[in-house]
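Here, each number is a calculation from the coordinates, and none is a lab measurement. Predicted model only: the values in this text are computed from it and were never measured. Note: ideal-geometry Cβ built from the backbone for every residue, glycine included; neighbour counts use all protein chains shown.
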Ligand SMILES: *Cc1c(COP(=O)(O)O)cnc(C)c1O
């Protein structure tokens, strides 16, 4: 075992937990540790390295941009930023874009938009209805918007103005709506909450409710956007679009970026309202441009649909062999293997030892989110490792 974990323990603020492995290199769906051991990467930088590791086109786009112009601030116009904004508008239901560096920042911008919209168009309404088990980021305002109390309780008081209702419960949303409500904030599939897919029709009902009440609908598509669910945007699977959508994780294939997209009526920022030193810099937007072109205009989405169905089928077949397997949830290449017992961390450790990176997103859910370019053979290989890992845990 390398000395990196021991060195980390001395100097790093341990705000999270890591798997006992130090990764040094990647190619396609595979990564290697500092002892030369290979792993299939079904974590994908948390659904971020959408074209896999060291994609030659992405390497070229980033290398060429860093050798040309990588940062000048938003005091000036730059070409890749405007080209990426144009491409996002062309391929989505939205009219305007603002770039950030992360998902939390994109959500901050979305919440600021909703609050300003409330001041302008709804008598100062500022409340945002969010859902339990949601995840919207780790900044002070986005943890306040996150329906997982343990993320915000150490840092109280929370930012006021957030109300929580159960996910996938339209009646609860209706009951929580008041004249103070400015917006409803939702993930079309909850990612960090455990890969929770709402019932058919829920998102369309939420859209209809927002229209009837004259309030905004915001989708946090930081995890679900840019092809992860098999369509370019998660909202396309519900047949309705929100007024505001946020993106980050997969948008630039693992290069840090965030974006908030809005329809014209919700795009209420004016000069001076918002800003970012690095947001939308030429380097990250050149990466985003390359990745979005590949996903929106190439054959990546077809692969997500086919490999997603393959993954679902193979995971579902584990149900017959392992009574501990409860079922499979998710869409496209965002899948959760649900277990009857809280053994997900043990299964993930056993998989790691056998050369597969997976994520215990909940004590009873193993989350799998490979690159959108994963091959059929790699899916088979990953499920075979997972099967051995399950067998080793259940039989131990
Ligand atoms: C990861 C995630 C975020 C936070 O993104 P960061 O880039 O880590 O700030 C927000 N919302 C959702 C749905 C996410 O999955």
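Here are a few things to note about the model shown:
- Estimated distance in nm for a label pair at residue 75 and residue 63, the labels positioned 7 Å out from Cα along Cα-to-Cβ: 3.3
- The Rg/Rh ratio of the range 294-340, with both radii computed over alpha carbons and Rh defined as the Kirkwood radius, is 1.12.
- Two-site label geometry, residue 7 and residue 213: point separation in nm, points 7 Å out along Cα→Cβ: 5.2
- Bridge type composition, the range 195-337 - antiparallel percent by DSSP, nearest 5: 75
- Here is the size of the range 229-284 from its Cα atoms: Rg then Dmax, 13.4, 37 Å.
- Between the C-alpha center of the range 5-41 and that of the range 134-150 there is a gap of 26 Å.
- Over the chain, Cα pairs under 8 Å with separation of 6+ residues give a relative contact order of 22 percent.
- Isotropic mean projected area of the C-alpha convex hull, the range 90-193 (nm²): 7.4
- Degrees between helix 79-90 axis and first principal axis of the chain (Cα, 0 to 90, nearest 10): 90
- Across all C-alpha atoms in the range 5-154, the radius of gyration and Dmax reach 20.0, 61 Å.
- Note: the range 250-346, Cα convex hull, 177 Å³ per residue.
- Exposure proxy order (Cβ contacts within 10 Å, fewest to most) of 32, 117: 32, 117
- Distant alpha-carbon pairs in the range 281-396 (separation over 22 angstrom), percent: 36
- Working from label points 7 Å from Cα in the Cα-to-Cβ sense, the residue 264 to residue 377 distance is 5.2 nm.
- Proportion of all alpha-carbon pairs of the range 57-297 beyond 31 Å (%): 20
- Annotation: the residues 53, 121, sorted from fewest to most other C-beta atoms within 10 Å of their own C-beta, follow the order 121, 53.
- Rounded Å value of the spacing that divides the Cα centres of the range 42-95 and the range 246-267: 11
- Counting only DSSP beta bridges with both residues in the range 57-297, the antiparallel share comes to about 40 percent.
- Rounded tilt (10° steps) of 344-353 against the dominant C-alpha axis of the chain: 60
- For 367, 18, 362, order by how many other beta-carbon atoms lie within 10 Å, fewest first: 18, 362, 367
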